[in-house]
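Here's the structure, in structure tokens; my notes come after.
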Amino acid sequence: MTDESKKHVAILGSTGSIGTQALEVMSEQADRFVVEVLTAHSNSELLIEQALAYRPNAVVIGDEGKFEAVRDALWDAGIKVYAGAEALEQVVEMEEIDVVLTALVGYAGLKPTLAAIHAGKHIALANKETLVVAGELVTKLAREKGVNIYPVDSEHSAIFQCLVGEFHNPIEKIVLTASGGPFRGKSTTELKAVTKAQALKHPNWEMGAKITIDSASLMNKGLEVIEAKWLFGLRPDQIEVIVHPQSIVHSLVQFEDGSMKAQMGLPDMKLPIQYALAYPTRLQNDFPRFNFLDYPQLTFEQADTRTFRNLQLAFDAMEKGGNMPCILNAANEVAVAAFLKEEIGFLAMSDLVEHCMNTVPFIAKPKLEELIESDEQTRLVAEEYLG
Ligand code: NAD
Ligand code: MG
């Protein structure tokens, strides 16, 4: 393939779990992809190592204190180096970029994603928080700009794959599968005593710390429910969750004739990452293959939203709409950070989220500035509640 026929990719958050796996995918398919931009928040060592290996046009280090170290290390290689949060919004506009993979974690993804869409870049979206905070604005802008949003989240990739060839057939409902996390089946009393170390041990997936805690608390599934609403244009009553501990069926779509399609495979994020980057092509690879005999039982059970209150809170926020999902997300980011610092217990995370949802003023039709304000306000209310 010539350089023009290759896809030029910017990876926001290249040092994380999704970012590093995306780089593996891209180097395995080096005749298809060019790494154009890499960014990291504070891991300058890994960013430098990646830049020297993949030779992007530019890198961004979020932590401005590390700018000089990165610039000095990449000077000879002729790689442009920028620093700070605003540089993320600028770098995604670079002419050469075709697709921006948003693999950074949390609310920090919102502004660069909007900037990339404004600049007409397609989005491979891992950063679900962006759609939770501002799904309506982001998807509207993408439609206006003719930009495609390719889901990287495995459940949403599954649904997207089930919808290929079905674009004129309305969805009756979707079913998002959830592993249930490390605490599946535990009672509220048992959850009181769980530790950070236990919460960080996910049975099926190796991921960044924030999403791993969200998976243990089922907030991850809650965020994914809201993400699905915006990606696939669904009503809240069309979205269901089912616990499937083996994480083999990645999610399902039911059509209006009652037929259900599922997408299956081993739990491996490289597949949805590759699919999002290479869509509509399925590229040959040597990822491990699924074998039914290794999984003689695929099981399904009801999600326990009474014990795992975060999932119910997310459904409530979706129903309420407006800035409520933004409030839910900001409160959860503060809660997870506090839990990871061992300042609050596992169940206190839901108390904090609920408190913020009841306290921060509701806005039915928020503009972008109002969402940014709601995020800030929620963080203040949350910090105050934590004392
Ligand atoms: P991670 O913590 O491993 O990596 C996060 C990346 O973002 C790092 O490169 C970090 O430098 C960067 N980053 C962190 N804070 C930042 C900030 N404030 N500004 C700019 N950059 C920042 O996280 P991850 O597990 O790779 O998850 C990334 C995103 O993908 C999350 O939104 C997560 O929900 C989603 N996701 C992850 C997985 C997975 O398997 N890891 C699966 C589905 C979806
Ligand atoms: Mg997921």
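The values are calculated or read from the model by the stated rules, or taken from the named source; none is laboratory data. Everything quoted here is computed from the prediction, not taken from an experiment. Counting neighbours? That spans all protein chains shown, and the Cβs are built from the backbone with ideal geometry, glycine included. Remember, those area values only see protein heavy atoms, side chains included, never the ligands or the DNA or RNA. Shrake-Rupley method; radii C 1.70, N 1.55, O 1.52, S 1.80 Å.
For the chain, what proportion of DSSP beta bridges, expressed in % and rounded to the nearest 5, is antiparallel?
Working: 11 of 41 bridges.
Taking every DSSP beta bridge with both residues in the chain, the antiparallel ones total about 25 percent.
May I ask you to derive the FRET efficiency for Leu368 and Arg235 from their Cβ-Cβ distance with R0 = 22 Å, giving the value to the nearest 0.05? Show your work: numbers first, answer last.
On the way: r = 24 Å, r/R0 = 1.08.
Step by step, r from the Cβ atoms, then E = 0.40.
Tell me, what is the FRET efficiency for Glu144 and Ala262 to the nearest 0.05, using R0 = 25 angstrom and their Cβ-Cβ distance as r?
In this case the efficiency is close to 0.15.
Which number do you get for Rg(Cα) / (2.2 N^0.38 Å) in the stretch 3-151?
Taking N as the residue count of the stretch 3-151, the ratio is 0.97.
Quick one: the Cα spread of the chain along its three principal axes, in angstroms, biggest first?
Over the chain, Cα extents along the principal axes are 58, 51, 41 Å.
From the convex hull of the Cα coordinates of the stretch 1-75, what is the mean projected area in square nanometres? Walk me through the numbers before you get to the answer.
Values: hull surface 18.4 nm².
Orientation-averaged projected area of the Cα hull: 4.6 nm².
Per residue, how much accessible surface does the chain expose to a 1.4 Å probe? Answer in Å², no decimals.
45 Å²
Label points 7 Å out from Cα along the Cβ direction at Glu383 and Gln297: separation in nm?
The modelled label-to-label distance comes out at 4.9 nm.
Provide the packing ranking of 340-349, 291-300, i.e. peptides ordered by the mean count of other C-beta atoms within 10 Å per residue, highest first. If you can, show how the numbers build up before the last one.
Details: 340-349: 16.4, 291-300: 9.1.
Ranked from most to least packed, the peptides come out as 340-349, 291-300.
Using DSSP to define loop residues, name the GluC sites (Glu not before Pro) in the stretch 214-269 whose beta-carbon has at most 15 other beta-carbon atoms within 10 Å.
Within the stretch 214-269, the qualifying GluC sites (Glu not before Pro) (loop, at most 15 other Cβ atoms within 10 Å) are Glu256.
How far is it, in nm, from the label point at Gln198 to the one at Arg289 when both lie 7 Å from their Cα along the line to the Cβ?
4.0 nm
Any idea how far the Cα center of the stretch 273-292 sits from the one of the stretch 131-184, in Å?
18 Å
Work out the P(r) tail for the stretch 135-217: percent of alpha carbon pairs separated by more than 14 Å, whole number. Write down the numbers at each step before the final one.
On the way: 2512 of 3403 pairs.
Considering the stretch 135-217, 74 percent of its Cα-Cα pairs are separated by more than 14 Å.
Longer than 27 Å from Cα to Cα, which of Lys66/Lys111; Lys7/Lys365; Lys140/Lys196 are they? Say none if no pair is.
Going by Cα-Cα distance, Lys7/Lys365; Lys140/Lys196 fall outside the 27 Å limit.
With every atom except the alpha carbons ignored, what do you get for Rg and Dmax of the stretch 78-133, in angstroms?
Reported Rg and Dmax, both Å: 11.0, 38.
Quick check: at a probe of 1.4 Å, how many percent of the accessible area of the stretch 3-151 sits on carbon and sulfur atoms? Intermediate values should be presented prior to the final figure.
Working: 2900 of 6180 Å².
On the stretch 3-151, the fraction of accessible area on carbon and sulfur atoms equals 47 percent.
Any chance you could look up the accessible area of Lys320 with a 1.4 Å probe, heavy atoms only, rounded to 10 Å²?
110 Å²
Given a Förster radius of 35 Å and the C-beta distance between Lys173 and Lys270 as r, what FRET efficiency does 1/(1 + (r/R0)^6) yield to the nearest 0.05?
Result of the calculation: an efficiency of 0.75.
So how do Arg55, Arg143 rank on accessible area, 1.4 Å probe, biggest first, that is with the largest at the start?
My answer, sorted largest first, is Arg143, Arg55.
Quick one: dipole size for the stretch 3-151, taken about the Cα centre, charges +1 on Lys/Arg Cβ and -1 on Asp/Glu Cβ, in debye to the nearest 20.
Roughly 480 debye for the stretch 3-151.
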